[in-house]
Amino acid sequence: MKVIGQPRRRVDARAKVTGQTRFADDLVLPRMLFARLLRSTVPHARIRAVDAAAAAAAPGVKLLLTGADFPVPFGIMPVSQDEHALCADKVRYVGDPVAAVIARSEREAADALALIRVDYEPLATVASPAEALERPAPRIHDGEGEGGNVHRLAHFAFGDVEPALAGADRVFEDLFFYEGNTHLPLEQHAAVAALDPDGRLTLWSSTQTPHYVHRELARALDLPAHRIRVVATPNGGGFGGKSDVMNHEIVVAKAALLTGRPVKITLTREEVFYAHRGRHPVLMRLKTGVKSDGTIVAMDLETLLDGGAYGSYGAASTLYTGQLQTVTYHVPRFRFRACRTFTNKPPCGPKRGHGTPQPRFAQEVQLDKIAVALGKDPADLRLQQLAPANSVTANWLKIGSMGLRECIERVVEGSAWRERRGRLGVGRGLGLACGSYLCGAGLPIYWNEMPHSGVQLQIDRSGRVTAFCGATEIGQGSDDVLAAIVAEVLGLDPADIRLVTGDTDLTPVDLGSYSSRVTLMMGNAAIQAAERAKALLAGAAARKLGVSAERLAFAERRVFDVERPEAGMSFQEAVVAAEAEHGTLGTTGSYRPPRSPARYRGGGVGPSVAYSYTAAVVEVEVDPLTGWVKVPKVWIAHDIGRAINPVLARGQVEGSVYMGLGEALMEEQAFRRLPPRLSPALVHRIPSILEYKSPTSLEMPDVVTYLVEDPDSAGPFGAKEVGQGPLLPMMPAIANAIHDAVGVRVDEVPITPEKVLKALTEKAKGKAGRVGPAVFPPVPWPEALVVPPPWEGGDGRATNQGAAARDTLPTTHSGTAGVKV
Amino acid sequence: MKARTEARRHGGTDAEGRSARIRLTVNGEERDVVFAGYKSLLELLREDLALTGTKHGCELGECGACAVLLDGRPVLSCLVLGVECDGADVTTVEGLAEGPELSALQAAFADKGAAQCGYCTPGILVTAKALLDRNPHPSRAEIAEALSGNLCRCTGYLQIFEAVEEAAGTGARRHRGTGRAG
């Protein structure tokens, strides 16, 4: 292949290095106004009144909006339509938007915000899942969720774990806690809305999901979707944080409709911390029964999620805290119970790995403990029980290619694991962990039978090929993948392909840049469209050349007889021949993943047409006096199927290592409660980049990246995902390396120096040397949904009605937008 | 500094301190600008000179996305007031290319995968340029140190380091005369 697999300059690189990439905040339109949001200063209150008269009369103010202007609720998931663009009756967290000022300048809008008076009637607050479970009232959401302040409850029994645990040689039970953290994209969210000359609404926004924004705008504004155009501007980093429909997008759209003028909003950095939708804090209890050689016989997992104030993607996030536990190692029986609570904090949602890094951390650290307890090499413990390729798991996920064995072998060899582990001396250590991830969610977030991704090609007599696709460039390189695939099929250079992407007026739907779905789904659609174009061109060229179309090859901008390469024509001449024969040339391609064998309610979360795999070995240096952890080197191997552009693939792996390092050691979206006598407020401890610690260039370790290419038949040219999976092993590998270095366990993320030091101090006193949660609060688990695994005669369905995952996901709810079921 | 002092007579603010007028050199061109006196250099560049390549990231000098060269030295333009820049010489990302040709540094960033989302890229490019201008062959540690005030959330920095190293090599070849003129 001429393009696929070759290291190349990405097609949008020139724009990025010249500063010409147009991000949402870079857009300037004539007569443009500016919006700012007034955000709640209290965490939970009824709104008695909003007095905005003075603000409305302030200099430069053109429009003032409050909750009364937004009667229709919205939400990314049909089962969680619980947000309003501006709060009308209640605020639920510090930062919840209450009013908007639209003015001539950003400064005038900001000045006017200070004149708005909101009369709040404070309500008791809920700071944590434990409090949410203890205090069903006052409810953060009336009429949402499972009652009280519980948002979601799920209970699945994939085989009966109790007898399996009772019969196991050893049972390991641990509690783990994974603190929340946030995406921290360098680009603050921004959006511009305007009416086009025909009176239709256009919204340009830094969103990962223009299609879902389009749907929700139509709903929230009560406008026909075909009167709205949503353009996803290139995202200045997303990581999941721009995959939800955001309040400010609806506000500026409404403001443009009401003023007839373009309206822009750019969130401040502080506001980005409130917009959040980041990693859920999750408390986990993991009980695993093993044979004497460490082979897993049953796993029992409970997760308790702190969802923050709104549903967001939470219905899916809840299930992701367990459903992918089965695709890495073979788990014969699996019980999974999950609970998501509402709290008076910014809403949590999907961050890179969406719900899976937390339980992955738990399992990989526990496996390390099992290996130590059984005197086994942690690498061997994993190698002996990998989930088999081309198999179906206990919870009915279908695994395709599975390259984890080679990944483990590569990092073990590269790091000299077998020679160096446990032998680096006090303060230095090696840790190993693995992970796996989706290559695209198997179902869209609203149920339908249409394609998940569509590509259109338009080709004209100049030889120009334009590819249209709704996919969204968030920095990951989706534009480059699209151009590369079309170019490969048509024998062109990727730079020859013009691209129109992420525009709901111009491009066929692609569901968005989330769940690592774009390369696989858009890529398959692009191959189909390009193969159809190639057939048209080959037929016409064959008739001109007097050879059969099967003998024609497309390469180096030529179409020629493979057996006589001199007999051929330029690509452009082939287009001319085809346009003369067929008329205007255009083709389409589309992709929808095959149906999952999971037929139970809740089985819509977890299925993917392929899974990527990663193994990492991390070396650490721990200062026993300060607890400070340094990571000098990482070896990481990722089963990518096939790297479309190895430069970008490596960048995704290294970026994941970086982000994992931050999550493991320092990043936390943490809150504090003010003294009750002063205020009931729960406030973000650190809503600034300076205080939200993230790794800089000085903390970045050396990274040895291995791209393991075991092509998957479901992927375009065999490609699988690379954007999220490589993050997963980082956090547990660091925790395991710290144990190897200094013999203590920090069963919590982030692993701060304070925690390491505390564990070391306890160990010095002869105690266990463990820091981590001690209590899992009582949760009113519902009756289990019983789903027998394939090897116990199951058919993918539940054998009872159960109570698990009521109305959870696409398999059960109506496809109509916004219908709550 | 002498040039700046001489040029300062062009500058000033109105009686209420609302609008300001300065003359400065941006990417080699002299510009007179009248702007709201409270604006930072970042806002002045983006809003009054339409140079949107330089980015907002935090407004507090924490992220480095707004870095530009002020008289050849990297500064955080969100922390510099526009009125302080009378007579100054400012270089932004828009001033790095040589006509239609990418500079060696830009070409290396493009080839090595140093720009993913591209949002931190303008600030990192000018900061790296300042490094190479004073130290044409920096070590990996010197590069990491120079860029430690520029956050990048996408790349993990390694491909950025490699791009700067590549540019340092390419720069050396260009100075030997194999590159394009001027």
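The values are calculated or read from the model by the stated rules, or taken from the named source; none is laboratory data. Note that this is a predicted model, so its numbers are computed, not measured. Note that each Cβ is placed from the backbone with ideal geometry, even for glycine, and that neighbours are counted across all protein chains shown.
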Next item on the list: Could you list all residues from the range A:415-434 that are in contact (Cβ under 8 Å) with a residue 60 or more places away in the chain and either surrounded by fewer than 17 Cβ atoms within 10 Å (Cβ to Cβ) or closer than 30 Å to A:Val509 by Cβ (or both)?
Entry: A:Gly422, A:Leu424, A:Val426, A:Gly427
Next item on the list: Identify, by number, the condition in (1) touching a strand residue (DSSP E or B) at 6+ places or on another chain (Cβ under 7 Å); (2) in a loop (DSSP other than H, G, I, E, B) that A:Leu698 doesn't meet.
Entry: (1)
Next item on the list: Would you please name the residue that is surrounded by the most Cβ atoms within 10 Å (Cβ to Cβ), looking only at residues in the range A:541-594 that are among the basic types (Lys, Arg) and without any contact (Cβ under 8 Å) to a residue 60 or more places away in the chain?
Entry: A:Lys544
Next item on the list: Given the conditions (1) within 14 Å of chain B (Cβ to nearest Cβ); (2) touching a strand residue (DSSP E or B) at 6+ places or on another chain (Cβ under 6 Å), report the number of the one that A:Asp747 does not fulfil.
Entry: (1)
Next item on the list: From A:Pro332, A:Pro388, A:Pro357, grab the single residue that is buried (at least 24 other Cβ atoms within 10 Å of the Cβ) and touching a residue at least 12 places away in the same chain (Cβ under 8 Å).
Entry: A:Pro357
Notebook entry, point to check: Is it true that A:Val213 is away from chain B (no Cβ under 14 Å) and modelled with pLDDT of 95 or more?
Noted result: yes
Next item on the list: Please work out which one of (1) among the hydrophobic types (A, V, I, L, M, F, W, C); (2) more than 28 Å from B:Glu47 (Cβ to Cβ); (3) assigned by TED's automatic domain parsing to the domain that holds B:Ala36 is the condition B:Leu81 fails and give its number.
Entry: (2)
Item checked: Candidates A:Lys755, A:Lys765 - the one that is assigned by TED's automatic domain parsing to the domain that holds A:Thr626, of a type in the set (Lys, Arg), within 29 Å of the chain's Cα centre (by Cα) and modelled with pLDDT of 95 or more -> A:Lys755
Margin query: For the range B:19-34, which positions are at pLDDT 95 or above and either β-branched (Val, Ile, Thr) or surrounded by fewer than 18 Cβ atoms within 10 Å (Cβ to Cβ) (or both)?
Written below: B:Arg21, B:Ile22, B:Arg23, B:Thr25, B:Val26, B:Gly28, B:Glu29, B:Glu30, B:Arg31, B:Asp32, B:Val33, B:Val34
Margin query: With closer than 26 Å to A:Asp300 by Cα, at pLDDT 95 or above and not assigned by TED's automatic domain parsing to the domain that holds A:His330 as the only criterion, which of A:Pro790, A:Pro750 stands out?
Written below: A:Pro790
Checklist line | Filter result (part of a strand (DSSP E or B) and crowded, with 17+ Cβ neighbours inside 10 Å) within the range A:459-499 | finding: A:Ile459, A:Val465, A:Ala467, A:Phe468, A:Cys469, A:Ile497, A:Leu499
Note to self: Is it the case, given these coordinates, that A:Leu133 is aliphatic (A, V, I, L, M), more than 30 Å from A:Ala256 (Cβ to Cβ) and modelled with pLDDT of 95 or more?
What the structure shows: yes
Check: Quick one: which strands (runs of 3 or more DSSP E) sit completely within the range A:18-106 and have at least 1 residues that are under 32 Å from the mean Cα position of the chain (by Cα) and within 14 Å of chain B (Cβ to nearest Cβ)?
Finding: A:33-39
Note to self: Cβ-Cβ under 9 Å, sequence separation 6+ or interchain: first residue in the range B:138-159 and at the interface with chain A (Cβ under 7 Å from one of its Cβ atoms) and in a helix (DSSP H, G or I), partner of a type in the set (Asp, Glu) and surrounded by fewer than 18 Cβ atoms within 10 Å (Cβ to Cβ). Which pairs?
What the structure shows: B:Leu158/A:Asp702
Item checked: Residue check, A:Ala127 in a loop (DSSP other than H, G, I, E, B), among the hydrophobic types (A, V, I, L, M, F, W, C), touching a residue at least 24 places away in the same chain (Cβ under 8 Å) and touching a strand residue (DSSP E or B) at 6+ places or on another chain (Cβ under 9 Å) -> yes
Next item on the list: Name every residue in the range A:759-789 that is basic (Lys, Arg) and in contact (Cβ under 8 Å) with a residue 24 or more places away in the chain, in order of residue number.
Entry: A:Arg770
Margin query: Among the numbered criteria (1) small (Gly, Ala, Ser); (2) within 14 Å of another protein chain (Cβ to nearest Cβ); (3) under 26 Å from the mean Cα position of the chain (by Cα), which one does A:Ala110 miss?
Written below: (3)
Note to self: Here's a check for you: in the range A:172-209, which residue that is without any contact (Cβ under 8 Å) to a residue 60 or more places away in the chain and crowded, with 24+ Cβ neighbours inside 10 Å is farthest from the other protein chains (Cβ to nearest Cβ)?
What the structure shows: A:Leu203
Notebook entry, point to check: Restricting attention to the range A:491-514, does a residue exist that is within 14 Å of chain B (Cβ to nearest Cβ), in contact (Cβ under 8 Å) with a residue 60 or more places away in the chain and closer than 24 Å to A:Arg229 by Cα?
Noted result: yes
Next item on the list: May I ask you to verify whether A:Ala538 is crowded, with 19+ Cβ neighbours inside 10 Å and either modelled with pLDDT of 95 or more or in the same structural domain as A:Ile644 (by TED's automatic domain parsing) (or both)?
Entry: yes
Margin query: Quick check on A:Pro716: is it over 21 Å from A:Val634 (Cβ atoms) and away from every other protein chain (no Cβ under 14 Å)?
Written below: yes
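Yes or no, residue by residue, for (1) surrounded by fewer than 23 Cβ atoms within 10 Å (Cβ to Cβ); (2) of a type in the set (Phe, Trp, Tyr); (3) within 23 Å of A:Thr66 (Cβ to Cβ):
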residue	(1), (2), (3)
A:Val230	no, no, no
A:Gly237	no, no, no
A:Asp244	no, no, yes
A:Lys254	no, no, yes
A:Thr259	yes, no, yes
Next item on the list: May I ask you to list the residues in the range A:107-124 that are in a helix (DSSP H, G or I) and either more than 22 Å from B:Glu47 (Cβ to Cβ) or not basic (Lys, Arg) (or both)?
Entry: A:Glu108, A:Ala109, A:Ala110, A:Asp111, A:Ala112, A:Leu113
Margin query: Checking the structure you have, find out if any residue of the range A:161-171 is crowded, with 23+ Cβ neighbours inside 10 Å, at negative phi and not small (Gly, Ala, Ser).
Written below: yes
Item checked: Residues of the range A:130-150 classified as charged (D, E, K, R), within 30 Å of the chain's Cα centre (by Cα), closer than 21 Å to A:Ser679 by Cα and part of a loop (DSSP other than H, G, I, E, B), total -> 1
Next item on the list: Any chance you could count how many residues in the range A:287-298 are surrounded by fewer than 24 Cβ atoms within 10 Å (Cβ to Cβ) and within 28 Å of the chain's Cα centre (by Cα)?
Entry: 1
Next item on the list: For residues that are touching a helix residue (DSSP H, G or I) at 6+ places or on another chain (Cβ under 7 Å) and either part of a helix (DSSP H, G or I) or facing another protein chain (nearest Cβ under 7 Å) (or both), tally how many sit in the range B:114-129.
Entry: 11
